[in-house]
Amino acid sequence: MVYDTFMTTATTFFIVAISGSMNPVMTPGQVYEVTSDYEFSDLEVGDVIVFATPTNTDPEWQMASHRIVSIDEEEQTVDTLGDNNNGTQIEGVDLDIPKFNIKGILEGVRAPPL
């Protein structure tokens with residue numbers, strides 16, 4: 001799920017989904033609230049996170065929102081997967097995301113689609 005950020009506070013920011021990789025949970029044009037007030041140890045498999053992609057240099061994929069599918073506590077990394085990506089993880093996007101790339105955890109929908 002690629003998105004645009006449009007408003008922030010100290011621990012909360014809002015994104016607009018612009019791709020369909022997280023359908024039906026996140027739909028393009030929908031506004032979502034994300035919290036940046038968390039610790040790595042708070043993350044759980046199943047959480048939807050907003051993150052800077054670890055290795056992909058394509059500007060369209062610099063930030064993404066996908067669901068955590070595994071957590072490596074020792075390495076402090078997570079692997080993710082878009083709900084609508086047919087079980088295919090995207091190289092350079094979904095694997096070995098370091099904790100410092102994670103910008104926040106999806107909290108919920110905040111407005112109807114734009």
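The values are calculated or read from the model by the stated rules, or taken from the named source; none is laboratory data. Predicted model, so just to flag it, every value in this text is computed and none were measured. Note: ideal-geometry Cβ built from the backbone for every residue, glycine included; neighbour counts use all protein chains shown.
Among residues of region 63-86 that are free of Cβ contacts under 8 Å to residues at least 24 places away in the same chain and surrounded by fewer than 18 Cβ atoms within 10 Å (Cβ to Cβ), those with a Cβ under 6 angstrom from a residue that is in a strand (DSSP E or B) and among the hydrophobic types (A, V, I, L, M, F, W, C), sequence gap 6+ or separate chain, pair up as D79/V69. Selection of strands (runs of 3 or more DSSP E) fully inside region 12-114 by the criterion of at least 1 residues being at pLDDT below 95 and more than 13 Å from the chain's Cα centre (by Cα) returns 12-17, 31-35, 102-111. Yes or no: G29 in contact (Cβ under 8 Å) with a residue 60 or more places away in the chain and either under 13 Å from V93 (Cβ atoms) or out of contact with any Leu (no Cβ under 6 Å at 6 or more places or on another chain) (or both)? So G29 fails the test.
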